[in-house]
Amino acid sequence: MGREDSHYRPGGSAEGGDEKPPVKPAAGRVPVPEAQVLRPQPPTPPSTPTAVNRSEANPSPAASPPPTPPRGTASGRAVAPGVAAPTSPAAGFGAAVPTSPAAGPGAAVPTSPAAASAAAVPTSPAAPATGSASVPVNPAPVAGGSAADTPKQPPVGVAPPPVGPAPRRRLPLVLAAALVFVLVAVGLVVTRPGPVGRWLGDAPTTPAATGAVESAPVAVLAAADAGAPSPSADGLRAALEPLVADTALGGRVNLAVADALTGEMLFDRGGGEGTVPASVTKLLTAVTVLTARGPGHRIPTRAVAGAQPGEVVLIGGGDPTLAADAKGFYPGAASLTNLADQVRTALGGAAPTSIVVDSSRYSGPVYGPGWDDDIPTGGFGGAITALMLDGARNNPKAGRGWAERVAEPDLVAGRAFAKLLGVPADAVRKGTAPPAPTEAAAATEPAGSRAPGTELGAVHSPPLIRLVDIMISESDNIVAEALARQVALARDRPASFVGAAAAMADVVSELALPADGLVLADGSGLSRNNLISPVLLTELLALAASPDRPELAAIFGGLPVGGWSGTLRDRYGAAPGTAAGAGVVRAKTGTLTRVHAIAGVVTTADGRLLTFAVLTDDVPPDGMEPARAALDRIAAALAGCGCR
């Protein structure tokens, strides 16, 4: 039995193995991606604020001690020699606090693109304001005040009024004022401590404004040093070979390390061999869909007039985040409520009598080749159809990770749409939409009616840059399969598992990436038929960091940070030999039974940005935790040495 375990579940539960569904899943919508919530900083001198207040479901402090202050970490893309930090708006690194373009209401420090140049918080070029939590800006007190604020003095020569006891009725007002002052003070401390204000680009505070001098914040993800020396092959071999020999990694371990700035391969051990990648496949899915469709593409869901009077056809375009209403699982998703309103308007008040569900945009099987038998019902995968609600979840209020999925997502969506339009559930069936009418046919329709195929309304998904971020940060398998099919559609291939895999391989070749050993069967990594080489992953990451392909930098926004977020939240600290990676390793993980992988970016002790990938697919079935610790020691070794 296998689980694709890159789904972090609150409560510190294991990402894979024989997980069971939570007894009481978290209620309400889950901010996407919550994986970027800032973890508390290490202890600091008493004069410095020590933590950002945040909400975290079932924290596991014992399993995840706060990381030590990192030396600095990766830039979102390579920079030219002599340049201290990347300047692209899509940079995923080089900032104090990692954020994501899909940051939802739970995001700790959201920013907008307009503030990117002033703030030390990385954002995505298409980061929308919708769904982002805003941090109130509290203006600094004005020393001395204005003339209007100065108490008036009595005229010269006029005696001041006698001073007597204040009337008793003023006491409640004084208490109320004191209460307001206390609440404001608490808000300033809890909502926005001084360092956070500076991370967001506020003007520096002064002793005159605050009454206290604050030390500069510790950088969480500082800019990489383009002039830092690169590790040598001999240095890397000496540091890594003893760790690769760890028996916890099983009988087949392949890895590669490259310089992100130059793309030079620095070290590889079986780096060109195709290895089962598990969820690390999502990095390939992300790069290929951003190349094929572009970060701003939105997936439509349409309604058209059916072939029969009173018939409305709901056409799925492949949006996995579509919701019935504003309370869906994915914040900012398109809703059927909006679409139903458009249909009613287009029909001029005429009530529909039946709904046809058209999910023919996708073809082929709904479950992937090479998926373990328990994947369809195991809560991490589901039927892949062109029309679905909330990633095929049975309950949009289910927590992240494990969630019961419906067997026929397209019919469930059709029935929800019918309910909104007042159509009975038994009047919903599967079918296909009629072709769009010609102008002549539309002109002959009687007043108030619509020719078959006439569009009655449309809604659109969030931009792909947000869907990519959701896929990587949450390791969302359903979103991954939907994005893989977008690659197929963009390359005129069938939107199926086979067509998506072929289209992704086509794009890999277009990008001149090494395709030796590449075998693809799906876009999520649930399939054990997938084979990807570590060299392909390291070169893919270096390409995404390059200023030559700015649209690809979106993949870095969702990458978990060691000891801080996502699937790496509780790693890099507890296991011996891993602490050096806390805060400086940023990577995608992947796990199936016997398969463990990690690929991402890391900054050396000298400040050089590297890309790396370590894949192993022959680990004992019960060896998940030892294998993860062994992988983390390899990445931590890269972070902790200059390796020259």
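The values are calculated or read from the model by the stated rules, or taken from the named source; none is laboratory data. Everything numeric in this text was worked out from a predicted model, so none of it was measured. Because the Cβ atoms are built from the backbone with ideal geometry, glycine has one as well, and the counts that use them run over all protein chains shown. Note: accessible area is taken over every heavy atom of the protein model, side chains too, but ligands, DNA and RNA are not part of it. Shrake-Rupley method; radii C 1.70, N 1.55, O 1.52, S 1.80 Å.
Would you mind calculating the gained length between Thr353 and Ala407 on full extension (0.36 nm times residue separation, minus the Cα-Cα distance), in nm to one decimal?
So the chain would gain 16.9 nm between Thr353 and Ala407.
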Whose amide H sits under 5 Å from the amide H of Arg405, counting only residues 5 or more places off or on another chain, with H placed in the peptide plane? Gly379, Asn394
Over all distinct alpha-carbon pairs, what is the Kirkwood Rh of the stretch 517-644 in angstrom? 15.1 Å
Given charges of +1 on the Cβ of Lys and Arg and -1 on the Cβ of Asp and Glu, with all other atoms neutral, how large is the dipole of the stretch 324-477 about its Cα centre, in debye to the nearest 20? 360 debye
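For the stretch 378-532, what is the accessible area per residue in Å², given a 1.4 Å probe and the full set of protein chains? If you can, show how the numbers build up before the last one.
Working: 5490 Å² over 155 residues.
Computed with neighbouring chains in place, this is 35 Å² per residue.
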Label Ser232 and Ala574 with points 7 Å out from Cα along Cα→Cβ: what is the distance between them in nm? 3.9 nm
Once Asp622 and Asp374 are pulled to full extension, the length gained, defined as 0.36 nm per residue separation minus their Cα-Cα distance, is 87.5 nm
Within the set of other residues whose C-beta is less than 13 Å from the C-beta of Val356, count the net charge using Lys and Arg as +1 and Asp and Glu as -1. +1
What do you reckon, how do Lys397, Lys327 stack up by accessible area (1.4 Å probe), largest on top? Lys327, Lys397
Once you put a point 7 Å from the Cα of Asp325 and another 7 Å from the Cα of Asp426, both along the Cβ direction, what distance in nm separates them? 2.6 nm
Explain nothing, just the number: relative contact order of the stretch 318-472, from Cα pairs under 8 Å at least 6 residues apart, as a whole percent. 31 percent
Taking every pair of alpha-carbon atoms in the stretch 409-499, what share in percent sits in each 10 Å bin, from 0 to the bin with the longest distance? 13, 26, 36, 21, 5, 0
Once you list every other residue whose beta carbon is under 11 Å from the beta carbon of Lys430, what net charge do they have if Lys and Arg are +1 and Asp and Glu are -1? -2
What is the ratio of the Cα radius of gyration of the stretch 472-554 to 2.2 N^0.38 Å, where N is its residue count, to two decimals? 1.07
Packing rank of 367-375, 515-523, where each peptide gets the mean count of other beta carbons within 10 Å, highest leading: 515-523, 367-375
Given the Cα-Cα distance of Lys397 and Ala307 and 0.36 nm per residue of separation, how much length would full extension add, in nm? 28.8 nm
Could you tell me which of Gly577, Ala542, Asn530 has its Cα farthest along the dipole of the stretch 516-588 towards the positive end, charges placed at Cβ (Lys, Arg +1; Asp, Glu -1), taken about the Cα centre? Gly577
